[in-house]
Amino acid sequence: MDDKLDVLIIGSGPAGLSAAVYAKRAGLNALVIEKEYRGTGQIAESDQVDNYLGLPKINGYDLGEAFLKHAQELGVQFQEGVADIFQKNEDGWTVHFADGQAINTKTVIYCAGAAHRRLGVEGEEEFAGKGVSYCAVCDGAFYRGKETAVIGGGDTALGDALYLSDLCDKVYLIHRREQFRGAASFVQQLREKENVEILTSAVPSKIVGEQTVTALELKDGRSIPVNGAFVAVGMQPQTEPLLGVVDLDEAGYVIADETGITSEPGFFAAGDVRTKALRQVVTAVSDGANAAVSAMEYIRNIFYE
Ligand code: NAP
């Protein structure tokens, strides 16, 4: 048993890094699997995180880097990889990776987060990377002085529209309902922007173009001339490898409360990937801490008593 890792942490976003810091400080032998070298997850795509206590208006990328630096300074170990098979053994878990490697561990803390949901209209796939983007902070600079549309009504769409309004000549915010899901303060700021036009009850039907995007068509027949379409219609939990491994809800999130305890002993979930009411950096960080403590208690009870 002793050659096994104590905790294998899947994902290096705020939940995974927080779990790593707590595990390391508790003296556990932990390894963080990151999909991208020095990746910090979705947070790196946020221009401004305005609600993380004590750090108002911090840039998401900088906050992610601060989290990473904290974990690195404690000596947390990282390895790049994509975990695709999780097998429960008599005395822990074996995790297999896309490159053929396998790692044995006493516990897993799964913090793989969520990926951008697709809009699902004609032209979206065809123009992906050629006018269709899922990250305003990453790609916004390509649209300086141009016209763009942001599709969605949550905090991501509102934040993206605000960000783009400082770069683009014109930004259309296209939302399928009258009410916005995102923060009223964001909506108010957008209403005050002269170069932002908000279209509600507006449902996209097609993204059109030639080499790159030229327009967004709506179901009511309108055609909005744009150079870029930023899709911000929510997230999809990254739980495909967990089908048949742990219990998931109907939307694919891992069923777990704030302790991170799942249907399978020794397998914990933290951050956006688990069932919860509020998916924010602050709740991801809190989840990571809780899951590490749960893993620590599990190891103590199962392996040392
Ligand atoms: P979200 O809150 O789930 O919002 C998704 C939006 O996309 C909704 O307005 C939804 O419309 C719309 N939508 C979904 N499918 C669509 C489709 N097929 N066609 C057109 N519109 C569609 O997702 P999110 O904005 O990515 O936010 C995810 C979580 O992260 C939230 O909890 C959010 O608060 C949080 N977040 C926080 C910040 C921050 O600054 N603190 C920034 C970003 C995200 P309906 O409203 O009609 O359902």
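Read-outs: derived from the displayed coordinates by stated rules, not from any lab. This one's a predicted model, so the numbers in the text were calculated from it and none came from an experiment. Positions of Cβ are generated from backbone atoms using ideal geometry, with glycine treated the same way; all protein chains shown enter the neighbour counts.
Details
- Listed residue (Ala161, Tyr143, Leu173) projecting farthest to the positive dipole end of segment 138-186, Cβ model: Leu173
- Nearest-20 debye value, the chain charge dipole, Cβ charges on Lys, Arg, Asp, Glu: 520
- Restricting attention to segment 1-73, the count of lysine pairs at 8 or more positions apart or across chains with alpha carbons under 25 Å apart stands at 6.
- Here the label points at Ala66 and Asp247, each 7 Å from Cα along the C-beta direction, are separated by 3.8 nm in the simple model.
- Cβ charges +1 (Lys, Arg) and -1 (Asp, Glu), total dipole of segment 109-206, debye: 180
- The chain - Kirkwood radius from inverse mean 1/r over Cα pairs (Å): 20.4
- Near Ile109, the amide H atoms lying under 5 Å from its own belong to Leu8, Ile9, Ile10, Phe268; only residues 5 or more places off or on other chains count, and H is placed 1.01 Å from N.
- Taking the average, over residues, of other Cβ atoms within 10 Å as the packing measure, peptides 203-214, 286-297 rank 286-297, 203-214 from highest down.
- Amide H within-cut-off set for Val132, under 5 Å, with H built and near neighbours excluded: Ala229
- The chain, relative contact order in percent, only Cα pairs under 8 angstrom and at least six apart counted: 21
- 37 °C / 0.692 mPa s Stokes-Einstein diffusion coefficient of segment 156-251, Kirkwood radius on C-alpha pairs, µm²/s: 214
- Dipole of the chain, positive end: most advanced residue of Tyr298, Ala112, Leu63 [Cβ charges, Cα centre]: Leu63
- Cα gyration tensor shape of segment 1-114, rounded if a/c is under 1.5, else prolate or oblate by comparing a/b with b/c: prolate
- Close amide H contacts of Lys206 (hydrogens built in the peptide plane, cut-off under 5 Å, sequence separation of 5 or more or a different chain): Glu217.
- Gap separating the Cα centres of segment 261-305 and segment 29-92, nearest whole Å: 15
- Packing-based order for 164-176, 68-80, 140-152, 266-278, using average beta carbon neighbours within 10 Å, highest first: 266-278, 164-176, 140-152, 68-80
- Farthest positive-ward along segment 186-305 dipole, Cα basis, beta-carbon charges - from Phe267, Gly221, Val203: Gly221
- Note on segment 192-305: Kirkwood radius taken over Cα pairs, Stokes-Einstein applied at 20 °C and 1.002 mPa s, translational D equal to 121 µm² s⁻¹.
- Of all DSSP bridge pairs formed entirely within the chain, close to 40 percent run antiparallel.
- Whole-number D in µm² s⁻¹ for segment 94-162, Kirkwood Cα-pair radius fed into Stokes-Einstein, 25 °C, 0.890 mPa s: 159
- Equivalent ellipsoid of segment 49-204: semi-axes from √(5λ) of the C-alpha gyration tensor, largest first, are 37, 21, 15 Å.
- At q = 0.16, 0.23, 0.25 Å⁻¹, base-10 log of I(q)/I(0) for segment 1-66 (Debye sum, equal scatterers on each alpha carbon): -0.59, -0.95, -1.03
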